[in-house]
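Structure first, then comments.
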Amino acid sequence: MSGKNTSPKSSRNLFLSKKGFVAMASGFVIFYLVCFLFNFLADPLGQAPVLDARENLAWAEKISKSELPEEPLYRALFYPWILSWVPQAEVFAPALGVLCHLLNALLCGLIARQVWRSSAAGFFSGAFYGIYPVALFFAVQVLDITFALSFFLLAIYCLLRFAESPRWFLPLFAGLMLSIAFLARPNFLPAALACPLVVFGLSCRCQKGIATAVGLALLAATPLGLSFLAQGLVNKQLSGEFRILPWQGAYNLYAANREGANGKFYKQRLAFDDVPEGMNPTRMESVYLYREETGDASPSPDIDDMNAFWRQRLFQHIAANPFDWLQLMVRKVTYLVNDWEQYNNLSYHYHKERWPLLAWNPLGWGLLLIGSAVALSFGWRKMEKAESASLALLALAYTAGVLLFFVSARFRLPLAPILVVLCGGLATISWRRVRLKRGLLVGAGALIVAGFTYGNWFDARSRETFRQDQLLLAKAALESGQDEASLDWAEEALTADPDLDAAKRVRLAALFNLWLSREGEAAARSWKDLKSALAGLRQNDATTLFIRGVAFWREGQPEDAKATWRAAVDRYGPNAGSSAGALEWATVQPQEKLSPLARQIGEVLER
């Protein structure tokens, strides 16, 4: 009698304890994400977005004001279009990224449960990805990758549900999700193209018949075709040209595979001291190099001619140097499996050391690879074969695109959820039943994987890019009014590379601001340091020319000062507002006619 009464009670207590554990773990994940979000927003990078984040915000502002240039789309603008609807996007976009990250964690759990047929695997994978620090690092930035990844994972989940229950609307929805991912980030195009093949294979497996399978595959392909059409119509409206793809791909493909390519990330060959707001430096470089190599002097080179030129250059290089290109691909594969997150700026490993909430977190690409290898070694028989094959095909399609272009951290991030799903198999293994011999074999295999992923093959773990992180932090701190911090980071960058002119210009601007904010001896010391920094500067921009003019003015050389400011206005136009104000103050009489900016500049010159 007592046994009958206590069994249900024990089962209920066990159920409640599992629910409580899931709730506590979920709460911890959310708490961790929110804490990191506020940590990021308090950082200079959160207060003054840089690089692609800055470009996305600039495009969002142009879209909201209906000020898109009358030209074909150079890059995908679906994510900036979404941001254009977000009030104060620079503040709330990181929160949108965190929400997308939470959705991605949930989808990882759902996908793992489908693949392994295990709730434990689903919970493990969802929690694992929720606190995966690399994904969180990108989620808080104003970047398209986390947003696009949500649609990629939604598509995978729909396809896995179709394998379980072949309903007609699931392929359509999967195709729609992959099309949105492609519109937000064109790197998902190979996976979107593979989607109809996955649907066809799953339909044949369900004995739907060839005609039905073809029809469902076409249904999955329809949203992609419509996305091509929509993008073509947008380009037609903007420029009069019907283009189904942004036109940045040809040069990027060439840059990723040309002679001298590092196999890790895009490395800019030219440095521009004046990049207009929202303009992409890679685009500026591609146009400049095209003109230099072809002699094209037209104001706007023909896009088709440029793209054809870069494709031809790439094919010529590969045909003439096939073994060099194969060696490059070997290096790319090595970097792809390496734990080190490759990036030419905003390096994860540099900022991981800065932020305590990332520094203590041991999770990384290497652990994902090792965990996936161990889970597959012990549990591959438990996996649903159709779902696993679908997942593998989509992963291979995306990986092919990564290897053709760049294997940097942001490009390979969409593969991390797939590895996390595979790691979910660790929760299904009966470890007590593992035989010693098999355990030793798997352990040896795991050590081999660890050697590949943690080894410094082909200089995979280089810290050379850290100076760019220091420079970006210096710029962000300068823009957010943290002049002393800006000066410190600029000095760190110059310690690593004494010839880094961009860091010298930031240091000069920080010293100038410190001089303005100080009095007495402190101001005198700042001015002395500023004069020393000015003497060592080789390249100018709008800000440094203004400061150089101020130095001339304070030294009793007004004509040299005005000539310097005039040169800044002539070269940099609207970006040289301070020089224009200084010229106005120095030349306009009477003083009552001066603009507010000129009067403000006058107070600086009279210090």
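The values are calculated or read from the model by the stated rules, or taken from the named source; none is laboratory data. Given the structure is predicted, the values throughout are model-derived calculations rather than measurements. Cβ sites come from the backbone with ideal geometry, for glycine too, and all protein chains shown count toward neighbours. Accessible surface areas use protein heavy atoms only, side chains included; no ligands, DNA or RNA. Shrake-Rupley method; radii C 1.70, N 1.55, O 1.52, S 1.80 Å.
Being outside any helix (DSSP H, G or I), within 26 Å of K475 (Cβ to Cβ) and of a type outside the set (D, E, K, R), is that true of even one residue in segment 90-112?
Pass one, segment 90-112, residues outside any helix (DSSP H, G or I): none.
Among the residues of segment 90-112, not one is outside any helix (DSSP H, G or I), within 26 Å of K475 (Cβ to Cβ) and of a type outside the set (D, E, K, R), which makes the answer no.
Considering only residues of segment 430-461 that are within 23 Å of the chain's Cα centre (by Cα) and touching a residue at least 60 places away in the same chain (Cβ under 8 Å), which is surrounded by the most Cβ atoms within 10 Å (Cβ to Cβ)? Spell out the reasoning first.
Initial filter on segment 430-461 (within 23 Å of the chain's Cα centre (by Cα)): 453-454, 459-461.
Checking which are touching a residue at least 60 places away in the same chain (Cβ under 8 Å) leaves us with 453-454, 460-461.
Values: T453: 22, Y454: 19, A460: 20, R461: 14.
Going through the qualifying residues, I end up with T453.
If a residue must be part of a loop (DSSP other than H, G, I, E, B), touching a residue at least 12 places away in the same chain (Cβ under 8 Å) and hydrophobic (A, V, I, L, M, F, W, C), how many such residues does segment 359-409 contain?
Of the residues in segment 359-409, the ones part of a loop (DSSP other than H, G, I, E, B) are 360-364, 383-384, 405-408.
Keeping just the survivors that are touching a residue at least 12 places away in the same chain (Cβ under 8 Å) gives 361, 363-364, 383-384, 405-408.
This time we only want the ones that are hydrophobic (A, V, I, L, M, F, W, C), so: 363, 383, 405-407.
The qualifying residues number 5.
Report the residue count in segment 474-531 for those that are of a type outside the set (A, V, I, L, M) and open to solvent by less than 40 Å² (accessible area, probe 1.4 Å). Explain how you work it out, then say what you get.
Step one: of segment 474-531, the residues of a type outside the set (A, V, I, L, M) are 475, 479-484, 486, 488-489, 491-492, 495, 497-499, 501, 504-505, 507, 512-513, 515, 517-521, 525-529, 531.
Still in the list and also open to solvent by less than 40 Å² (accessible area, probe 1.4 Å): 480, 483, 486, 497, 501, 504-505, 512, 515, 526-527.
Residues flagged as of a type outside the set (A, V, I, L, M) and open to solvent by less than 40 Å² (accessible area, probe 1.4 Å) within segment 474-531 amount to 11.
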- Do we find that R269 is assigned to a loop (DSSP other than H, G, I, E, B) and buried (at least 16 other Cβ atoms within 10 Å of the Cβ) in this structure? no
- Looking at segment 303-318, is at least one residue open to solvent by less than 20 Å² (accessible area, probe 1.4 Å), under 30 Å from G46 (Cβ atoms) and not assigned by the TED database to the domain that holds F137? no
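The rows are residues; the columns are (1) more than 17 Å from L183 (Cα to Cα); (2) crowded, with 24+ Cβ neighbours inside 10 Å; (3) free of Cβ contacts under 8 Å to residues at least 24 places away in the same chain; (4) touching a strand residue (DSSP E or B) at 6+ places or on another chain (Cβ under 8 Å).
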residue: C108; (1), (2), (3), (4): yes, yes, no, no
residue: F123; (1), (2), (3), (4): yes, no, no, no
residue: A127; (1), (2), (3), (4): yes, no, no, no
residue: I131; (1), (2), (3), (4): yes, no, no, no
residue: A139; (1), (2), (3), (4): yes, yes, no, no
residue: D144; (1), (2), (3), (4): no, yes, no, no
residue: L154; (1), (2), (3), (4): no, no, no, no
residue: R161; (1), (2), (3), (4): yes, no, no, no
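In the list G232, G295, G225, which residue meets the criterion of being surrounded by 13 or more Cβ atoms within 10 Å (Cβ to Cβ), more than 30 Å from L336 (Cβ to Cβ) and without any contact (Cβ under 8 Å) to a residue 12 or more places away in the chain? Talk me through it step by step, then tell me what you get.
Values: G232 fails: without any contact (Cβ under 8 Å) to a residue 12 or more places away in the chain; G295 fails: surrounded by 13 or more Cβ atoms within 10 Å (Cβ to Cβ).
Step by step, each of G232, G295, G225 is checked, and only G225 is surrounded by 13 or more Cβ atoms within 10 Å (Cβ to Cβ), more than 30 Å from L336 (Cβ to Cβ) and without any contact (Cβ under 8 Å) to a residue 12 or more places away in the chain.
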- Task: Return the total of residues in segment 550-607 being closer than 16 Å to F512 by Cβ, in contact (Cβ under 8 Å) with a residue 24 or more places away in the chain and β-branched (V, I, T).
- Result: 2
- Query: Do we have any residue at all in segment 273-288 that's open to solvent by less than 40 Å² (accessible area, probe 1.4 Å), of a type in the set (S, T, N, Q), in a helix (DSSP H, G or I) and within 30 Å of G573 (Cα to Cα)?
  - Reply: yes
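Where in segment 515-607 are there helices (runs of 4 or more DSSP H), lying wholly inside it, with at least 3 residues that are over 25 Å from L487 (Cα atoms)? Please lay out each step first, then the result.
Values: elements: 520-535, 542-554, 558-572, 577-587, 596-605.
The helices (runs of 4 or more DSSP H) meeting that bar are 558-572, 577-587, 596-605.
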- Find the residue count for segment 339-354, including only residues that are open to solvent by less than 30 Å² (accessible area, probe 1.4 Å) and either more than 18 Å from the chain's Cα centre (by Cα) or not assigned by the TED database to the domain that holds Y32 (or both). 0
- Note on the structure: Within segment 201-219, the count of residues that are open to solvent by less than 80 Å² (accessible area, probe 1.4 Å), assigned to a helix (DSSP H, G or I), in contact (Cβ under 8 Å) with a residue 40 or more places away in the chain and not aliphatic (A, V, I, L, M) comes to 1
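When only residues in segment 532-553 that are open to solvent by 60 Å² or more (accessible area, probe 1.4 Å) and modelled with pLDDT of 90 or more count, which is farthest from the chain's Cα centre (by Cα)? Show your work before the answer.
As a first pass, look at segment 532-553 and keep what is open to solvent by 60 Å² or more (accessible area, probe 1.4 Å): 532, 535, 538-539, 543, 553.
The next check asks that each one be modelled with pLDDT of 90 or more; those that pass are 532, 543, 553.
Working: S532: 37, T543: 29, W553: 44 Å.
Of everything passing the filter in segment 532-553, W553 is farthest from the chain's Cα centre (by Cα).
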- Query: Among (1) over 28 Å from G263 (Cα atoms); (2) open to solvent by 50 Å² or more (accessible area, probe 1.4 Å); (3) among the polar types (S, T, N, Q), which single condition is Q468 missing?
  - Reply: (1)
- Note on the structure: Restricted to segment 495-522 and to residues being small (G, A, S) and without any contact (Cβ under 8 Å) to a residue 60 or more places away in the chain, the residue farthest from D541 (Cα to Cα) is G520
- Message: Looking for something more than 23 Å from G201 (Cβ to Cβ), at pLDDT below 95, of a type outside the set (G, A, S) and outside any helix (DSSP H, G or I) - is there at least one such residue anywhere in segment 410-427?
- Response: no
- Task: Please work out which one of (1) assigned to a loop (DSSP other than H, G, I, E, B); (2) without any contact (Cβ under 8 Å) to a residue 60 or more places away in the chain is the condition Q327 fails and give its number.
- Result: (1)
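Got a number for residues in segment 444-477 being outside any helix (DSSP H, G or I) and of a type in the set (V, I, T)?
Within segment 444-477, the first condition is being outside any helix (DSSP H, G or I), and the residues that meet it are 455-456, 460-465.
Then keep just the ones that are of a type in the set (V, I, T); that gives 465.
Total meeting the criteria: 1.
Every residue in segment 418-462 that is among the small types (G, A, S) and closer than 22 Å to V330 by Cα, please.
Going through segment 418-462, the residues among the small types (G, A, S) turn out to be 424-425, 427, 430, 439, 443-446, 450-451, 455, 460, 462.
Of everything in segment 418-462, those that are among the small types (G, A, S) and closer than 22 Å to V330 by Cα turn out to be G445, A446, A450, G451, G455, A460, S462.
When you go through W81, W85, W168 one by one, which is the residue that is touching a Leu at 6+ places or on another chain (Cβ under 7 Å), open to solvent by 10 Å² or more (accessible area, probe 1.4 Å), in the same structural domain as F38 (by the TED database) and over 19 Å from Y348 (Cβ atoms)?
Values: W81 fails: touching a Leu at 6+ places or on another chain (Cβ under 7 Å); W85 fails: touching a Leu at 6+ places or on another chain (Cβ under 7 Å).
Testing whether each residue is touching a Leu at 6+ places or on another chain (Cβ under 7 Å), open to solvent by 10 Å² or more (accessible area, probe 1.4 Å), in the same structural domain as F38 (by the TED database) and over 19 Å from Y348 (Cβ atoms) leaves just W168.
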- Query: Checking V198 against (1) in the same structural domain as R161 (by the TED database); (2) assigned to a helix (DSSP H, G or I); (3) in contact with a helix residue (DSSP H, G or I) (Cβ under 8 Å, 6 or more places away or on another chain); (4) within 30 Å of R283 (Cβ to Cβ), which single condition isn't satisfied?
  - Reply: (4)
- Message: When you scan segment 171-180, do you find a residue that is open to solvent by 40 Å² or more (accessible area, probe 1.4 Å), closer than 27 Å to S408 by Cβ and within 28 Å of the chain's Cα centre (by Cα), even just one?
- Response: no
- Message: Please go through (1) more than 30 Å from R161 (Cα to Cα); (2) touching an Asp or Glu at 6+ places or on another chain (Cβ under 6 Å); (3) of a type outside the set (A, V, I, L, M) for W365 and return the number of the only condition it doesn't satisfy.
- Response: (1)
- Output the number of residues of segment 235-248 satisfying the condition of being open to solvent by 30 Å² or more (accessible area, probe 1.4 Å), part of a helix (DSSP H, G or I) and of a type outside the set (A, V, I, L, M, F, W, C). 3
- Message: Tell me the residue from N280, N252 that is in contact (Cβ under 8 Å) with a residue 40 or more places away in the chain and closer than 27 Å to V333 by Cβ, please.
- Response: N252
